[in-house]
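Bear in mind that the values in this text are calculations on the coordinates, not laboratory data. Just so you know, these numbers come straight off a predicted model, no measurement behind them. Neighbour counts are summed over all protein chains in view; Cβ atoms, including those assigned to glycine, are modelled from backbone coordinates with ideal geometry.
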Amino acid sequence: MIRHIVFFNAINPKDEITIFNGLLLLSKIPHASTFEVGRNLKTDRISKEGPDFVVYAEFVNQTALDAYKSHPLYAESISIVRPLRDMRIAADFLSES
């Protein structure tokens, strides 16, 4: 299984709803076995200025992840979110569980 985690920050707080809705488009892509998008609670005392949003997804294999990233809704989400975000950090890792 591949776990896919992406963190985002908004440039302007007034755009957070638009970013969130843009990220929610990704939930309509059928290739993830698990998908969540949420607002960071920002409760970590060390990283108080952490990301605004987190996307978490699981894929059965690289083929499923590649299909997710090739889906038209992925491109649509990027076109909405990219101009409004300041930071994006993505990580993919293999999980045995």
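Annotations for the structure displayed:
- Inter-probe distance in nm under a simple model that places probes 7 Å from Cα toward Cβ, at residue 80 and residue 96: 3.9 nm
- Diagonalising the gyration tensor over the Cα atoms of the chain and scaling each eigenvalue by 5 before taking the square root yields semi-axes of 23, 17, 10 Å, largest first.
- Proximal lysine pairs, the chain, alpha carbons under 26 Å, eight or more residues apart or interchain: 4
- Expected 222 nm ellipticity per residue - DSSP helices of 4 or more, -39500 (n - 2.57), all of the chain, to 500: -8500 deg cm²/dmol
- Cα-Cα P(r), the stretch 1-41, percent of pairs per 5 Å interval: 5, 19, 28, 25, 13, 7, 2, 0
- Volume per residue of the convex hull around the Cα atoms, evaluated for the stretch 50-97, comes out as 90 Å³.
- Point-charge dipole on Cβ atoms (K/R +1, D/E -1) for the chain, about Cα centre, debye to 20: 220 debye
- Sequence-distant residues sharing a close amide H with residue 10 (under 5 Å, placed H): 52, 86
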